[in-house]
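One structure is given below, encoded as structure tokens.
The values are calculated or read from the model by the stated rules, or taken from the named source; none is laboratory data. Not measured: the values here are computed from a predicted model. Methodologically, a virtual Cβ is constructed for each residue, glycine included, from the backbone with ideal geometry; neighbour enumeration extends over all protein chains shown.
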Amino acid sequence: MRNLYISSLILVSFALFSCGKGDGRGELIGTRAKTVKQELPYGMVYIPAGTFVMGQVDQDVTISQFPQNKQVTISAFYMDETEISNSEYKQFVNWVRDSIAYYQVGKPAKYTLKSKGGKSSGYINWKAMQAGKGIWADKTLGPKLEKAMYYDGNEKFFNKKELKVEQLKYDYAWIDFKKAANYRAARNPNLNKNGLSITRDSFIVKEETFIYPDTLVWISDFTYAQNDPMAKGYFSHPSFSNYPVVGVNWEQAKAFSVWRSRLNESYKNSKKLPARLDYDLPTEAEYEYAARGGRVGTSYPWGGPYIRNAKGCLLANFKPGRGNYIDDGGAFTVYVKSYFPNDYGLYNMAGNVSEWTSSIYNDAASAYVSTMNPSFNKAIQKGDPDYNKRRVVKGGSWKDIGYFLQNSAKSYEYPDSARSSIGFRCVTPFLGRDIKDKPGKMKP
């Protein structure tokens with residue numbers, strides 16, 4: 001019996017060795033990879049794949065003003081359960097601020113990660129930078145930073161210590177895959193019959209944008225209104241930390257999504273784990289599909305067709321009547337988890353703030369976009385006409401009438417425009433099996 005046990009143990013060990021480190025005994029077994037646990041990104045909800053009729057439904061009184069509706073299918077993805085808040089956007093602002101501070105004072109080694117040989121790796125040690133206010137509290141570097149990054153001289157107001165926000169710029173890059181697909185023949189020796197030479201950098205789009213919100217939208221969006229307190233405190237005061245960030249244009253929202261992708265990628269690389277696919281703004285189709293919450297043919301995220309519940313309470317933050325802003329519980333924006341979420345667990349998919357999408361606004365696009373994950377989008381080129389720059393805005397806001405709260409309703413804004421009524425949220429693709437499935441082990 002003992003000999004049989006030993007023989008069995010030897011056979012099992014040999015089998016494990018053959019499958020794990022051997023050549024697969026001449027069989028096709030695929031490359032080995034770490035088992036990846038499917039994770040729900042913090043602050044996001046899972047939106048299952050499905051199909052829906054995109055566009056206005058029969059009950060919409062303005063159906064004649066928009067193109068014909070269309071049945072489309074959407075792949076599974078994750079979406080922020082709330083609009084991006086002031087607090088979350090401040091994390092981005094502070095990251096950029098600290099990066100600039102690090103370079104302003106000559107990249108001090110004490111705030112840099114060390115390589116295996118003990119030398120500086122060139123990468124910022126964010127834990128050291130932020131611990132106890134890090135580089136800002138440094139007795140040697142602090143005064144240098146104040147001189148370099150704070151308002152001084154005639155720009156200083158009442159001797160206040162205020163950061164010079166004009167310096168807060170974020171440089172980033174992304175790959176235009178649609179353009180790359182159009183030139184794929186030029187990159188493939190088997191397909192390139194015309195001798196074209198297209199290098200990879202032709203598809204890399206480099207951007208630079210100011211990232212601090214335009215707080216003056218609280219004044220510029222209105223005609224003779226006393227909104228100075230909002231301009232002064234909405235983004236900076238802690239009382240508004242969990243209110244949706246506004247005054248952020250499309251370019252800044254895009255920059256935030258790129259930064260968020262790199263933030264996750266940096267952490268996962270440090271743990272030798274695969275990063276998520278990139279965060280982005282939702283497409284028009286993704287936003288409408290998620291807003292419907294799995295319901296068919298409804299007008300609003302909560303179902304419909306009414307904006308009030310059985311008790312007569314308004315179900316979203318918008319402008320009832322001609323200017324009765326307060327009737328829904330908020331004179332302007334409200335806490336990001338106000339009102340009831342829809343059936344997917346998403347808050348304020350209608351009302352509070354309208355939201356940027358990645359899609360270009362074009363009423364004719366529904367006629368030719370795909371029925372699978374439709375998206376009309378492309379990189380903005382110099383010389384493009386204005387109508388090719390407009391981005392779809394969905395959801396309606398605290399400043400809009402009830403019509404814009406409908407799932408199918410949309411408007412547009414130019415990518416360099418910021419408003420007191422427009423915010424955003426992010427999405428990221430779902431990878432692998434359905435979230436309810438248990439991952440199994442691959443066997444040769």
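Selection of first residues in region 228-241 that are assigned by TED's automatic domain parsing to the domain that holds Thr215 and surrounded by 12 or more Cβ atoms within 10 Å (Cβ to Cβ) and of second residues that are among the small types (Gly, Ala, Ser) and not in a loop (DSSP other than H, G, I, E, B), restricted to Cβ pairs under 6 Å at least 6 apart or on distinct chains, gives the following pairs, ordered by first then second residue: Ser241/Ser87. Inspection of region 110-133 finds no residue satisfying the criterion of being under 29 Å from Asp214 (Cα atoms), assigned to a loop (DSSP other than H, G, I, E, B) and either among the polar types (S, T, N, Q) or outside the structural domain of Val334 (by TED's automatic domain parsing) (or both).
Selection of first residues in region 269-280 that are assigned by TED's automatic domain parsing to the domain that holds Asp80 and of second residues that are among the basic types (Lys, Arg) and surrounded by 11 or more Cβ atoms within 10 Å (Cβ to Cβ), restricted to Cβ pairs under 6 Å at least 6 apart or on distinct chains, gives the following pairs, ordered by first then second residue: Ala275/Lys268; Tyr279/Arg260. From the list Ala290, Ala316, the one residue that fits, being part of a loop (DSSP other than H, G, I, E, B) and either under 15 Å from the mean Cα position of the chain (by Cα) or surrounded by 17 or more Cβ atoms within 10 Å (Cβ to Cβ) (or both), is Ala316.
Tell me, which residue of region 86-107 that is of a type in the set (Ser, Thr, Tyr) and over 12 Å from the mean Cα position of the chain (by Cα) is surrounded by the fewest Cβ atoms within 10 Å (Cβ to Cβ)?
As a first pass, look at region 86-107 and keep what is of a type in the set (Ser, Thr, Tyr): 87, 89, 99, 102-103.
Still in the running and over 12 Å from the mean Cα position of the chain (by Cα): 87, 99, 102-103.
On the way: Ser87: 14, Ser99: 16, Tyr102: 21, Tyr103: 9.
Top of the filtered list is Tyr103.
Restricting region 75-85 to residues that are in a loop (DSSP other than H, G, I, E, B) and among the charged types (D, E, K, R), the residue that is surrounded by the fewest Cβ atoms within 10 Å (Cβ to Cβ) is Glu81. Yes or no: Ala379 surrounded by fewer than 21 Cβ atoms within 10 Å (Cβ to Cβ) and out of contact with any helix residue (DSSP H, G or I) (no Cβ under 9 Å at 6 or more places or on another chain)? So Ala379 does not fit the description; no. Might you let me know whether region 335-343 holds any residue that is over 17 Å from the mean Cα position of the chain (by Cα), in contact (Cβ under 8 Å) with a residue 60 or more places away in the chain and farther than 22 Å from Gly55 by Cα? Yes, region 335-343 has at least one match. The one condition from (1) hydroxyl-bearing (Ser, Thr, Tyr); (2) closer than 21 Å to Gly55 by Cα; (3) surrounded by fewer than 19 Cβ atoms within 10 Å (Cβ to Cβ) that Ser354 does not meet is (3). For Thr215, the requirement of being at pLDDT 95 or above and in the same structural domain as Gly351 (by TED's automatic domain parsing) is met. Note on region 262-280: among residues that are basic (Lys, Arg) and outside any helix (DSSP H, G or I), the one that is surrounded by the most Cβ atoms within 10 Å (Cβ to Cβ) is Arg276.
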